[in-house]
Amino acid sequence: MNKTEAKKIVSIVLNVLVWVILVFATLVTILTFVSMNAKDGVPSIFGKSIVSVQSPSMDGDKEGSFKQGDMLFVDKVTQDEAWDLDVGTIIVYRAPIDINGDGQTGDINTHRIVEKSKTEGGIVFYKTQGDAELYKDNYD
């Protein structure tokens, strides 16, 4: 291989790298603007969101368990679809308690539905639990 061929290969590799970085930067920019407009603060494109697992609570031995730091691609559901989730489904939701200790409620949590109940008025309640946790979450 002569110098001219080597320069051409390096040029092509650099061009591809620049395009990959440009596409990634564009995607991050779009996600940032979308999240600013999302009611729940979680960006989504075409009904899909990316969230990260923030604690080891789902690091169990069940199928579908996750490790802390894993990135998850999740489907956003409508309110009507949320009423029809089944026991065993892993959900991402805003917890009504302060999970991370920052003094604010509404932290994003990823746990498995372990119980489902319905009131006489038709309101559905779910009990969740992390796969690595011994006890169910103490909120509905």
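Please treat every number below as a calculation from the coordinates, not as lab data. All values reported here derive from a predicted model rather than from experimental measurement. Cβ: placed from backbone, ideal geometry, glycine included. Neighbour counts: every protein chain shown.
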Study note, to complete from the structure: Under the rule rounded for a/c under 1.5, else prolate if a/b exceeds b/c, else oblate, using alpha carbon gyration tensor axes a ≥ b ≥ c, the range 88-140 is classed as oblate
Practice item. Counting other Cβ atoms within 10 Å, keep those with at most 12, restrict to DSSP loop, and tell me which trypsin sites (Lys or Arg not before Pro) in the range 1-94 are left. Key: Lys39, Lys62, Lys67
Check your understanding: Hey, in the GNM for the chain with a 10 angstrom Cα cutoff, which one of Asn100, Asn15, Asn109 fluctuates hardest?
Key -> Asn15
Check your understanding: Quick one: how many lysine pairs in the range 28-140 have C-alpha atoms under 26 angstrom apart, if they're 8 or more apart or on different chains?
Key -> 26
Practice item. Could you work out the longest stretch of the chain that avoids the chymotrypsin sites (Phe, Trp or Tyr not before Pro) located in DSSP loops with at most 15 other Cβ atoms within 10 Å? Key: 84-134
Review point. Which of these values of Cα Rg over 2.2 N^0.38 Å was calculated from the structure shown: (1) 1.12; (2) 0.97; (3) 1.47?
Key: (3)
Review point. What is the gain in length, in nm to one decimal, between Phe46 and Glu120 on full extension, counting 0.36 nm per residue of separation less the C-alpha to C-alpha distance?
Key: 23.2 nm
Point to revise | For the chain, built as a Gaussian network whose Cα springs stay under 10 Å, the top-fluctuating residue of Gly47, Gly103, Gly60 | key: Gly103
Review point. By how many degrees, between 0 and 90 and to the nearest 10, does the Cα long axis of helix 3-37 differ from the longest principal axis of the chain?
Key: 30 degrees
